[in-house]
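Below you'll find the structure, written out as structure tokens, and then a few comments.
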């Protein structure tokens, strides 16, 4: 028997003189099933270890997050934009048509979304040089002047005080000494 025949599992049986019949031995199904079970068990153990490590890291981050402070520098302001302006006028007993900003583009003939240039947001934190805006204020801001703040996927954005168009809160005239 040649080396190549041994590697392929091909054996010749010569139970009679001159017989050259090829016989292939079947694969052992039990060994194949045992290997699959071993691989499945290893995968389950690896998944458990991965989940434990992920839970440990998340716990560390949660504990750290409770102690972390996020403060913008200079005259910057951290805001959390509202998905929809909460200050739109609601009229009882009448149909309110919510304008979504969709329109048919005359150039392409397809539906497009109108850019919103004034957004509404809650102020999360202000920098040390901010004079008029305080934490908790709601503001209208220029959406072209904000930058995403990738902090724990909270959806925060950063802008500067001159980009704030208007402030919404109680007692603003007294705060700004306008009375």
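Run residue 92 past the list (1) at pLDDT below 80; (2) surrounded by 11 or more Cβ atoms within 10 Å (Cβ to Cβ) and report the number of the one that doesn't hold.
That leaves (2) as the condition not met.
Confirm whether residue 33 is outside the structural domain of residue 157 (by TED's automatic domain parsing) and modelled with pLDDT under 80.
Working: outside the structural domain of residue 157 (by TED's automatic domain parsing): yes; modelled with pLDDT under 80: no.
So residue 33 fails the test.
Of the conditions (1) at pLDDT below 85; (2) under 25 Å from the mean Cα position of the chain (by Cα); (3) under 30 Å from residue 142 (Cα atoms), residue 110 satisfies every one except a single condition; which number is it?
If we test residue 110 against (1) at pLDDT below 85; (2) under 25 Å from the mean Cα position of the chain (by Cα); (3) under 30 Å from residue 142 (Cα atoms), just (2) comes out false.
Which residue, of 81, 128, is at pLDDT 85 or above and under 22 Å from the mean Cα position of the chain (by Cα)?
On the way: 128 fails: under 22 Å from the mean Cα position of the chain (by Cα).
Criteria check complete, one pass: 81.
So which residues in region 25-70 are over 30 Å from residue 153 (Cα atoms) and in contact with a strand residue (DSSP E or B) (Cβ under 8 Å, 6 or more places away or on another chain)?
25, the sole residue that qualifies.
Any residue at all in region 152-169 that's modelled with pLDDT under 90, surrounded by 11 or more Cβ atoms within 10 Å (Cβ to Cβ), at negative phi and not in a loop (DSSP other than H, G, I, E, B)?
no
In region 121-151, what residues are touching a residue at least 40 places away in the same chain (Cβ under 8 Å) and part of a strand (DSSP E or B)?
Across region 121-151, the qualifying residues are 121, 122, 123, 124, 125, 126, 138, 139, 141.
I'd like the full set of residues that are closer than 18 Å to residue 149 by Cα and part of a helix (DSSP H, G or I), limited to region 62-90.
If we filter region 62-90 for residues that are closer than 18 Å to residue 149 by Cα, which is where we start, we get 65, 68-83.
Passing the criteria: only 65.
State the number of residues belonging to region 52-78 that are surrounded by 10 or more Cβ atoms within 10 Å (Cβ to Cβ) and within 21 Å of residue 132 (Cβ to Cβ).
8
Is at least one residue of region 146-155 over 20 Å from residue 77 (Cα atoms) and under 27 Å from the mean Cα position of the chain (by Cα)? Can you show your working first?
If we filter region 146-155 for residues that are over 20 Å from residue 77 (Cα atoms), which is where we start, we get none.
No - not one qualifying residue is present in region 146-155.
So which of 40, 7 ends up being at pLDDT below 90 and in a helix (DSSP H, G or I)?
Details: 40 fails: at pLDDT below 90.
Of the residues listed, the single one that is at pLDDT below 90 and in a helix (DSSP H, G or I) is 7.
The values are calculated or read from the model by the stated rules, or taken from the named source; none is laboratory data. Everything numeric in this text was worked out from a predicted model, so none of it was measured. Glycine gets a Cβ as well: all are built from the backbone with ideal geometry, and neighbour counts include every protein chain shown.
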